[in-house]
1. I want to make sure I understand the PRE zone here: with the label point 7 angstrom from the Cα of residue 179 toward its beta carbon, which residues in the range 146-163 have backbone N atoms less than 17 Å away?
2. Under the 0.36 nm per residue contour assumption, what length would be gained going from the current alpha-carbon distance of residue 114 and residue 46 to full extension?
């Protein structure tokens, strides 16, 4: 009997640890809110009438995504998580995650009638921490609130747009795009050395989430 209880306890600990890692993998797609921080950089090249190519850099801004955008304006959406007070007391900061980039028209009529294009910026995980919290109902001990925040500006290829996150949402600041010699590489400021290895916990959660997705895919295929 003691052996059975012992193995049951070990199983509970292992399952609890796995659940914690999976939830951490979901949380790691968000970023901590500790002050006003530059989270994205955007510049545009026009390719046609109300058609542009957006050059988007996020995170440490080492990598650039090139995305088509339609309209007169651009908009970036972000999702915010605010934890319960007990979690804040333990040092778990509120989080944000970039969600979407899309074009925008000046009038609602044009927005409804003209062609539109949106790009997903969020990283999906096997366990969605928001869905888990909502499913718990009154037993939700994780999240106090989740909400979206957006910022948009007129598209001007002569400008560079910097998206900052604050404690309550995201904002945009604009600077003139510096003149560039033909063929010269674009100079980009980065927050840390490009190619720096992720933390051990980030590697563990990413590995667990990838294998959990494979397992879910095998189950769904049967």
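1. Correct set: 158-160.
2. Numbers: separation 68, 0.36 × 68 = 24.48 nm, distance 1.75 nm.
Full-extension gain reported as 22.7 nm.
No lab work stands behind these numbers, since they all come straight from the coordinates. This one's a predicted model, so the numbers in the text were calculated from it and none came from an experiment. Cβ coordinates were reconstructed from backbone atoms using ideal geometry, including for glycine residues, and neighbour counts include every protein chain displayed.
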